[in-house]
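The values are calculated or read from the model by the stated rules, or taken from the named source; none is laboratory data. Predicted, not measured: the structure shown is a model, and the values here were computed from it. Cβ placement follows ideal geometry from the backbone for every residue including glycine, while neighbour counts extend to all protein chains displayed.
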Amino acid sequence: MNREMYEWHKQIQIIVDEIDESIRQSHDEALTLRFLSHKLGYSEFHTTRKFKEISGMPFRDYLRLRKLAFALKEVRDSERSLLDIAFDYGFSSHEAFTRAFKRTYGVSPREYRRKPVPVVLRTKINPFDRYFLGFGEIGMMKSTVDVKIYFVTIPAHKFLHIKNYESNGYWDFWQKQSLIPGQDCETICGLLDSIKGKLDDDGGKEVNSGSGQLMAYIHDPEGRLCDWGFLRTECYGVRLPADYQGEVPPQMLMMDIPEAEYLVFEHGPFDYEQENRSVEEKLEMAMKTFDFSDTGYCFDTTPGRIIYMYHDPERFFKYIRPVGKQR
């Protein structure tokens, strides 16, 4: 990637972040191409062209779909009137909101409120991701935070997910999934983002913020041999309550996970751009060298057991690995 395109990826990321913040703050004046272009110091024409080139869709379409994604969560989770929600997200009338909602999601807001079903939300694009763009880590490891290690008992729950037997790592996973109809990153993340009741969802109506989605690894005889020395299959999904009765999208799988004990390896907040790989190496070393002496436990690699990976640089990076009693 040349320097100009590198800079434009960063500029479009500024626009994308500004859009979400302005929607959250109901700052409609900032949600215009004129305002955002002026903020970057470029013409509307140039900004429009670059936005579409990098994001894959026109600015106007992206903004409309993001507003609808925020509005959908209000419809789903609040008791506010549909008219108030429509006005809050820039629609001129109840009818205009209903038309846009039904055209995008296949159901009216009233029908969706009565029976929420998984729909594909427009997730926030992240055009400036150093690892996706192949830039790697910059700078030196600055974090001095140690890896916290502790045992937890996790209650029974469900895991709604997709999986790939051949992938090796996050980006390879999504590249391979993109070749499967209906299982690309945008579709799957959009579906998962719309599901209510996720156990790890701290985002509320703030679409994509702490949306409860995570990578996981299932001990699987049909999987590939990993660096940790066992066969695993990579997964992506959400944890749901054990009594969850909602609709399961046809391209996804649901697992019942019994109550069990796990060992957590957790690193605190860190600078994603400068420290991500270093932090992951630190976690992997902690897992590799952990001494189970006197604990009475060992890692459990029984087929069907699951490892969860939580990656939220502003809060933590952690692996939660199943353990069992030593025999």
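Observations on the model:
- Breaking point among (1) surrounded by fewer than 18 Cβ atoms within 10 Å (Cβ to Cβ); (2) modelled with pLDDT of 90 or more; (3) over 21 Å from Leu192 (Cα atoms); (4) charged (D, E, K, R), for Lys282: (1)
- Looking only at residues in the range 199-231 that are modelled with pLDDT of 90 or more and more than 12 Å from the chain's Cα centre (by Cα), the one that is surrounded by the fewest Cβ atoms within 10 Å (Cβ to Cβ) is Leu199.
- Restricting Val75, Val107 to those that are closer than 22 Å to Leu191 by Cα, of a type in the set (A, V, I, L, M) and not in a helix (DSSP H, G or I) reduces the list to Val107.
- Total residues in the range 246-261, condition buried (at least 17 other Cβ atoms within 10 Å of the Cβ) and either free of Cβ contacts under 8 Å to residues at least 60 places away in the same chain or more than 23 Å from the chain's Cα centre (by Cα) (or both): 0
- Exclusive hit being buried (at least 16 other Cβ atoms within 10 Å of the Cβ), β-branched (Val, Ile, Thr), assigned by TED's automatic domain parsing to the domain that holds Ala216 and more than 23 Å from the chain's Cα centre (by Cα), set Thr289, Thr301: Thr301
- Only one of the numbered conditions (1) in a helix (DSSP H, G or I); (2) of a type in the set (A, V, I, L, M, F, W, C); (3) under 30 Å from Lys196 (Cβ atoms) is not met by Met57, and that is (1).
- Output for the range 39-52, where each listed residue is out of contact with any helix residue (DSSP H, G or I) (no Cβ under 8 Å at 6 or more places or on another chain) and part of a helix (DSSP H, G or I): Phe45, Arg49
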